[in-house]
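Everything below concerns the one structure shown next.
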Amino acid sequence: MIKIRNLIKRYGQNIAVDNINLDIYKGEIFGLLGPNGAGKSTTINMICGLLKIDQGEVILDGINIQENPLEAKKRLGLVPQEIAIFDTLTAKENITFFGKLSGLRGNLLKERVDEALEFVGLSHSSNEIPKKFSGGMKRRLNIACALVHHPKLIVMDEPTVGIDAQSRKHILDSICKLNKMGSTIIYTSHYIEEVQSICNRIAIIDHGRLVACGTKNELKNLVSKEEKIIVEVIDFNYNFLEELKIITGVKDADFHNGILGIITSNAQNILQDVLFILSNNNVVIKSVKMIEPDLESVFLSLTGRSLRD
């Protein structure tokens, strides 16, 4: 569906996207995983023809996005990071507007608008204006506007930011349903659990560079020799982190919201040393568990930092 070759975007001396090469296949949910500022949205905006490509090319369904942008854009629907709807138009009028932009007219337009409203669960609110909507309802309306013309590719840039758990589940379920109906989807997020649950393949981007790409298992195999010790503690002193990091076999250690996380090549071998240091410093331990590599540990291992840093 998409070929990305040697993609580069600069802002002055800063390189926001640094020579990215990717293939995204028809019928898959492809995840772009990375922290805020990693270059995800910049890459998405170039794929969608919203941002000038400084170097490289994007081929969408056989069409060069730079040489024939209008034809390429007909094939995609974009759900942007910032909600892009009109607060003074009703839900139905919003979707109708975007449907007309995509060339829909007459009975077909009406059918597609009603279909989109039903798909995102807003049929009962079709004649209400978005000013009255919750954040989750606005996000769902945004999605309806993007899919009304039945695009071959749907691009979703952080579509669950700032919404409640119920709306998040509705959106994730909708994405899976769209995919089963034949849509190819690009999904960007800095929420690992979302990407892990719905994506067939995942690309990890950091500092504008493609760090790794593959299925969940392929990415986990990159750090298959790493394990994580999770210790829930009370009254932890950050000074102990450096002491923990110098234990032989420890690759990294961090502490956040009462949880101490230690990345190691052999959790069983170093656990006694970890507990000894904590005990010597009068740290109260609530629980201890060891876990196998997940996407969070993959990201930490490949980039040297936590996803939400």
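Coordinate-derived values only; no laboratory data. Fair warning: this is a prediction, and the values are worked out from it, not measured in the lab. All Cβ positions, even for glycine, are placed from backbone atoms using ideal geometry, and neighbour counts span all protein chains on display.
General observations
- The slack between Glu193 and Asp23, meaning 0.36 nm per residue of separation minus the straight C-alpha distance, is 58.9 nm.
- Shape call, segment 77-180: gyration tensor on alpha carbons, a/c limit 1.5: oblate
- Low-density loop cleavage sites - chymotrypsin sites (Phe, Trp or Tyr not before Pro) in segment 1-39, where at most 16 other Cβ are within 10 Å (DSSP): Tyr25
- Shape of segment 152-309, Cα gyration tensor, a/c cut at 1.5: prolate
- Most simply put, the chain has about 70% antiparallel DSSP beta bridges, counting only bridges with both residues inside it.
- Each Lys and Arg adds +1 at its Cβ and each Asp and Glu adds -1 at its Cβ; summed about the Cα centre, segment 1-160 shows a dipole of about 200 debye.
- Cα centroid separation - segment 10-58 against segment 132-147, whole Å: 25
- Read-out volume of the Cα convex hull per residue in Å³, derived from the coordinates shown; its label in [x] 127; [y] 152; [z] 136: [y]
- Charged side chains reduced to their Cβ positions (Lys and Arg at +1, Asp and Glu at -1) give the chain a dipole of some 1080 debye around its Cα centre.
- Shape of segment 1-44, Cα gyration tensor, a/c cut at 1.5: oblate
- DSSP-loop chymotrypsin sites (Phe, Trp or Tyr not before Pro) across segment 164-246, with at most 13 other Cβ within 10 angstrom: Tyr238
- Rounded to 10°, Cα long-axis angle of helix 106-119 versus longest principal axis of the chain: 20
- Residues in segment 266-277 carry Karplus couplings, in order, of 7, 4, 4, 6, 9, 4, 4, 5, 4, 5, 5, 5 Hz; the curve used is 6.51 cos²θ - 1.76 cosθ + 1.60 with θ = phi - 60°, and Gly or Pro positions show x.
- The spacing between segment 67-116 and segment 213-259, judged by their C-alpha centroids, is 45 Å.
- Segment 225-292 - percent relative contact order, Cα under 8 Å, separation 6 or more: 50
- In the chain, helices alone account for a calculated mean residue ellipticity at 222 nm of -10500 deg cm²/dmol, with every DSSP H run of four or more residues adding -39,500 (n - 2.57).
- Cα-Cα over 19 Å, subset of Lys73/Lys110; Lys92/Lys138; Lys228/Lys286: Lys73/Lys110
- Proxy reagent accessibility, fewest Cβ within 10 Å first, across Thr88, Thr184, Thr43, Thr96: Thr88, Thr96, Thr184, Thr43
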